[in-house]
Structures are given as C-alpha cells and as structure tokens.
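K.L.:
Handing you a structure now.
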Amino acid sequence: EGSLQGDPTELALLEYVGTAGEESDLADLASHVVARHRFDATVRRMSVVIESGSAVVVLMKGALESVLPLCTTSAGSDVPLTEPMRTEITASAARMAAMGYRILALADRAGSVAGGARAEDETDMRFVGLVGLIDPPRPDAAEAVRRCHQAGIRVHMITGDAALTASAVAEEVGIDVSVVVDDQKLAAMTDEQLSTLVGHGEVVFARASPQDKLRIAHAVRSVGEVFAMTGDGVNDAPALRYADIGIAMGRGGTDVAREAASMVLTDDDFATIVRALESGRPVYAHIRKLIVYVFAHAIPEIVPFLLFALSGGAIPLGITGMQILAVDLGTETLPALALGRERAEPGAMDRPPRARSEHIITPGILLRSWGLLGLVSAVLTTSAFLIHLRLAGWSPGMETDVGSPLHHTYLEATSITFLGIVLCQVGTAFAARTTHASLRQIGVFSNRPLLWGIAFELLVAGSIIYAPPLQAVFST
C-alpha cells in the first residue's frame, strides 16, 4: 500500500502474497496470534502460533539448515520426509543461492495444542517450501568496490546469509571470493588464525552471528588495521559500536544501529562511503600542507637569534621582534587559510591508507619543512642580511645601534631579512601545495584564494617597509 513499514524481508514476503492474488488483513491476522517465538540469530528461525477456529497453527520461517531438521512431513502429500527428498530440497536451495538469492524455508503444523515453550511448538513440522529473495546490488556498487581496492582498502563481506548466496553477491560486486568462511569454520578457528586470515586478504563471512561480527572486528583491529563496519540491524550494533567507525543505514536501518554507529548514510548507498573517502583524504592532506607552510619559516626566524647568541652580540639581530609578529600574525595568515582550499592531488585515491600508527606530523614533514624549505630560506635571508652589512663596511663587533653610522644600513638589512622571509613564504606556499604530484598537474594558478592571499601578503610587507608610520613601528 506504500504505507507499510518494517523489516524488508517481511515486506517482501507480504508483497509476494499480494502478487499471488491473496488479500491480507494484517490487523485481523495479528488478532489471532496467540504466541510469538521471535527470530533468534543463534537458531536462525522464527515462528508464530495462530488461532484458526478450534485449531491452532504454527507457522515457521528461517534458514533451511535450521528449519528442515524440524520437519517430518512434506506439504501436499503429507508423506514422511525421506533422505532423498531432503537431499533434493537442499540441492534446490543451493541452486537458488548460487544465483544470489537469500533462501528462506517455510514450514507449518496444525494441531489442537500450541503456544507453549518454543521447543514444544517447533516440532513435527510440515515442510511447505522455499522462498528466494534477492536484493540486487546497486548499479554503482561494483565501481565503489573497485575504487576501494584502488585506494588500498580491503572489503570483507559479513552476512547472515548462506555461503553460496554470499559468494554470488560478493563475486558480482568484485569482492574476492577465494576465501569463504561460514559460522562452523569460524567457530573452529583460533583468534590468531582469524587475525592472520583477515590481515592478508579479503574474506567472505557467511552465517555470521552478532558474536561472530564482533569477533571479526576484534581480529581486524588486532592486526593494526582501521576497521569500518556497515550495518543496519540490531544484530550489527555491537560491531558498529566497537568499530573504528560504524556506518549505519539511515533509511532501512534500525534505531539501534543508528545509535551505535558513528556515521549514518541517509541514502543507504555504499558508494557514498567512497565519496566520503575522496573528500576526507584531501582534508587530511591540507592539514599537513598547512603544517609544512607554517613550520618552514620558523628556521629563518630562529637563525638570526642563534647567530646573535653564539657570537656574543658581535653579529646584530637580523630581524626584530615586531617584524616576526608581522610575519606570524599578518603576512602568513591568508595564504595559510587558502591552502585549505587546495584541490585534491591527482592519484589521491590510488595510494594506500596511512598506517594506523602514523601521526599527522611525521619525520618526513619535519625534514621537508625545517631541513629543506626552512633551511634554504634561512641561508638566503641570513646571507642577504650579512652581505648588505658587509658592503657598507660592517665587520663583526661594530656598533649598529641608534646614533651609530651603520644604524640606517642595519635598518635596511633587517628590512631585507623581513622581505626575504615573506618572499620565501610565497615560494613555500607553492611548494606546499603538492606532495606527490607536480605543480603543473594541479595548475600553477588554479588556487585563486592563494593568489589573493599572496597579493595581500606582499601588500602588507610593502606597507611595513615603505609607509613612514609603519617604519617607525616595525624598524624598517
């Protein structure tokens, strides 16, 4: 009717009944239910007891391997179920599962007494038949899995469906099906064996219970991997909560799953996770670019103070405190913010994820910012400062204070240091834009905010050097 809500499996069965021309008055049917044995992930079946006139009927549905052993007769003929008949039923279910169908077995029992304990009601059942349900993968699911593989992300499938069904669906979307583990195989594994298994390739887990899902999550995290878990049911909640990031389905998911998850997909689309990864990797890269940019000019700011201290004052300070504040709080601000608007580097999704133990500031980042960009800036600016003084006749130990013949030359030299650091900032900003790709690949002038930030930076530096009121404040 379009207004029904509930479990997708139940709604699919109800819709199937409607296509067969059967009318279902749900309110009337519910009024005749005298007992419910709800679905249990351990036994993988459920049943209801319905009052029908003077008799009661037990209706059961669940996994074939759970329902069939409880059946003693077959519908239609009411003859005892023989082993050949059981074999044929199992083979039929396997053929349907191999096509990607989720198989439900149906059984019933009519009698005069029911509604007691589950073990008493679910006995001497009559096998009714098999129902195959299929939830075909979305058209973009295979492409999303391919892009995960391209980005170095392994995709495990964990499902409560049968192994054949899980394998068929996994193969359709591109997940490796060379290793399929059902609940019995999983129960026979030690934690060490499971950790080794999930650490070396993709695995399809079938007939997984809530406890199995949580154990798999423990195994993935134990080998140092970041574990992201998707789910929509109550049975997924423990693993969603334990995962590094639990991802629940917003439309078809249960409230429990949404509460346990860290992220909710409003469109229930796996491809959305890949799009989130494509957005997240540049954000992380932008933070590192900002660190490289900010850290780089610390070296040319520190070196003048080191020379002054190590020489005992014989070499004057190459930059004043106010000029350092002008760099740190003025000229670098807008370019630093503009680096956060940088487009993603080509191939960002072609590289594997960073190691779980890797910090945002790495030795490589420090080496690039301090040992390369910062050191080059320090050599250039300090050399320019000393050369300007030397050309004016200065030698170590000579006075450069106010009133001395070299004071004006000293102001010019500190101005050169200040402007040199600003110009090196411009070069560092362009250098920090990329880590793996060349600047030509992303476009030299593609980041318009950065260009405006550099223009602002140069305008501020020029004002500090040439505007008389600012010259007095910043000693330029």
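K.L.:
Six or more apart or on different chains, Cβ atoms under 7 Å: show the pairs whose first residue is in region 359-372 and open to solvent by less than 60 Å² (accessible area, probe 1.4 Å) and whose second is assigned to a loop (DSSP other than H, G, I, E, B).
P.N.:
Taking only residues 6 or more apart or on different chains, not a single pair turns up.
K.L.:
Given (1) open to solvent by 40 Å² or more (accessible area, probe 1.4 Å); (2) touching a strand residue (DSSP E or B) at 6+ places or on another chain (Cβ under 8 Å); (3) hydrophobic (A, V, I, L, M, F, W, C), identify the lone condition not met by residue 287.
P.N.:
(2)
K.L.:
Please list, ordered by first then second residue, the pairs with beta carbon atoms under 9 Å, 6 or more apart or interchain, first in region 64-79 and within 14 Å of residue 106 (Cβ to Cβ) and modelled with pLDDT under 85, second of a type in the set (Asp, Glu) and surrounded by fewer than 19 Cβ atoms within 10 Å (Cβ to Cβ).
P.N.:
The qualifying pairs are 75/108.
K.L.:
State yes or no: is residue 219 under 20 Å from residue 102 (Cβ atoms) and surrounded by 15 or more Cβ atoms within 10 Å (Cβ to Cβ)?
P.N.:
When the stated conditions are applied, residue 219 does not pass them.
K.L.:
Of the residues 226, 234, 220, 203, only one is under 23 Å from residue 152 (Cα atoms), aliphatic (A, V, I, L, M) and in contact with a Pro (Cβ under 9 Å, 6 or more places away or on another chain); which?
P.N.:
226
K.L.:
Kindly state which helices (runs of 4 or more DSSP H) lie completely within region 141-245 and contain at least 3 residues that are within 23 Å of residue 39 (Cβ to Cβ) and not acidic (Asp, Glu).
P.N.:
163-173, 183-188, 210-222, 237-242
K.L.:
Another question, if that's okay. Residue under question is residue 431, and the condition is that it be surrounded by 13 or more Cβ atoms within 10 Å (Cβ to Cβ), in contact (Cβ under 8 Å) with a residue 40 or more places away in the chain, touching a helix residue (DSSP H, G or I) at 6+ places or on another chain (Cβ under 9 Å) and assigned to a helix (DSSP H, G or I); does it hold?
P.N.:
Answer is yes for this residue.
K.L.:
One residue is enough: does region 136-155 have a residue meeting the conditions surrounded by 17 or more Cβ atoms within 10 Å (Cβ to Cβ) and polar (S, T, N, Q)?
P.N.:
no
K.L.:
Of everything in region 434-476, what is assigned to a helix (DSSP H, G or I) and either in contact with a Lys or Arg (Cβ under 7 Å, 6 or more places away or on another chain) or acidic (Asp, Glu) (or both)? Give them in sequence order.
P.N.:
439, 442, 449, 457
K.L.:
Do you know which residues across region 45-62 are open to solvent by 30 Å² or more (accessible area, probe 1.4 Å), farther than 15 Å from residue 28 by Cα and hydrophobic (A, V, I, L, M, F, W, C)?
P.N.:
If the condition is that a residue be open to solvent by 30 Å² or more (accessible area, probe 1.4 Å), farther than 15 Å from residue 28 by Cα and hydrophobic (A, V, I, L, M, F, W, C), then 46, 55, 57, 59 are the ones that fit.
K.L.:
Which is open to solvent by 70 Å² or more (accessible area, probe 1.4 Å) and over 30 Å from residue 254 (Cβ atoms), of 87, 42, 82?
P.N.:
Sole residue among the options that is open to solvent by 70 Å² or more (accessible area, probe 1.4 Å) and over 30 Å from residue 254 (Cβ atoms): 87.
K.L.:
Could you list, in sequence order, the residues of region 23-32 that are open to solvent by 60 Å² or more (accessible area, probe 1.4 Å) and not in a helix (DSSP H, G or I)?
P.N.:
Correct list: 23, 25, 32.
K.L.:
Have a look at 109, 36 and point out the one that is within 44 Å of the chain's Cα centre (by Cα) and not in a loop (DSSP other than H, G, I, E, B).
P.N.:
Result of the check over 109, 36: 36.
K.L.:
Determine which single condition residue 338 fails, assuming it passes every other condition in (1) open to solvent by 30 Å² or more (accessible area, probe 1.4 Å); (2) assigned to a helix (DSSP H, G or I); (3) closer than 29 Å to residue 151 by Cα.
P.N.:
Just one mismatch for residue 338, condition (1).
K.L.:
Just one of the numbered conditions (1) within 21 Å of residue 183 (Cβ to Cβ); (2) open to solvent by 60 Å² or more (accessible area, probe 1.4 Å) is not true of residue 68; which one?
P.N.:
(2)
K.L.:
Does residue 130 satisfy the criteria of being open to solvent by 40 Å² or more (accessible area, probe 1.4 Å), over 29 Å from residue 199 (Cα atoms), in a strand (DSSP E or B) and modelled with pLDDT of 90 or more?
P.N.:
Spelling it out, residue 130 is indeed open to solvent by 40 Å² or more (accessible area, probe 1.4 Å), over 29 Å from residue 199 (Cα atoms), in a strand (DSSP E or B) and modelled with pLDDT of 90 or more.
K.L.:
Right, next: I'm trying to understand the selection: among the residues of region 376-422, which are open to solvent by 20 Å² or more (accessible area, probe 1.4 Å), within 20 Å of residue 470 (Cβ to Cβ) and touching a residue at least 24 places away in the same chain (Cβ under 8 Å)?
P.N.:
Across region 376-422, the qualifying residues are 410, 411, 412, 416, 419.
K.L.:
Quick check on region 7-22. Is at least one of its residues touching a helix residue (DSSP H, G or I) at 6+ places or on another chain (Cβ under 8 Å) and part of a loop (DSSP other than H, G, I, E, B)?
P.N.:
No.
K.L.:
Which of the residues spanning region 217-267 are polar (S, T, N, Q), more than 26 Å from residue 44 (Cα to Cα) and more than 12 Å from the chain's Cα centre (by Cα)?
P.N.:
222, 266
K.L.:
Please state which of the following conditions residue 100 fails to meet, knowing it meets all the rest: (1) assigned to a loop (DSSP other than H, G, I, E, B); (2) open to solvent by 30 Å² or more (accessible area, probe 1.4 Å).
P.N.:
Every listed condition holds for residue 100 apart from (2).
K.L.:
Continuing with this model, one more query. Right, residue 297: modelled with pLDDT under 95 and either crowded, with 18+ Cβ neighbours inside 10 Å or touching a His at 6+ places or on another chain (Cβ under 6 Å) (or both) or not?
P.N.:
Yes, satisfied.
K.L.:
I need every pair where a residue in region 311-322 that is in a helix (DSSP H, G or I) has its Cβ under 8 Å from the Cβ of a residue that is open to solvent by 30 Å² or more (accessible area, probe 1.4 Å) and at pLDDT below 95, sequence separation at least 6 or different chains.
P.N.:
Taking only residues 6 or more apart or on different chains, the pairs are 322/473; 322/474; 322/475.
K.L.:
Any idea which residue in region 246-281 is most open to solvent (accessible area, probe 1.4 Å), counting only those that are assigned to a helix (DSSP H, G or I) and among the small types (Gly, Ala, Ser)?
P.N.:
Ranking the qualifying residues of region 246-281, first place goes to 279.
The values are calculated or read from the model by the stated rules, or taken from the named source; none is laboratory data. The model shown is predicted, which means the values in this text are computed figures rather than measured ones. Please note: Cβ atoms are built from the backbone with ideal geometry, for glycine as well, and neighbour counts cover all protein chains shown. Protein only, heavy atoms only, side chains kept; ligands, DNA and RNA dropped before computing areas. Shrake-Rupley method; radii C 1.70, N 1.55, O 1.52, S 1.80 Å.
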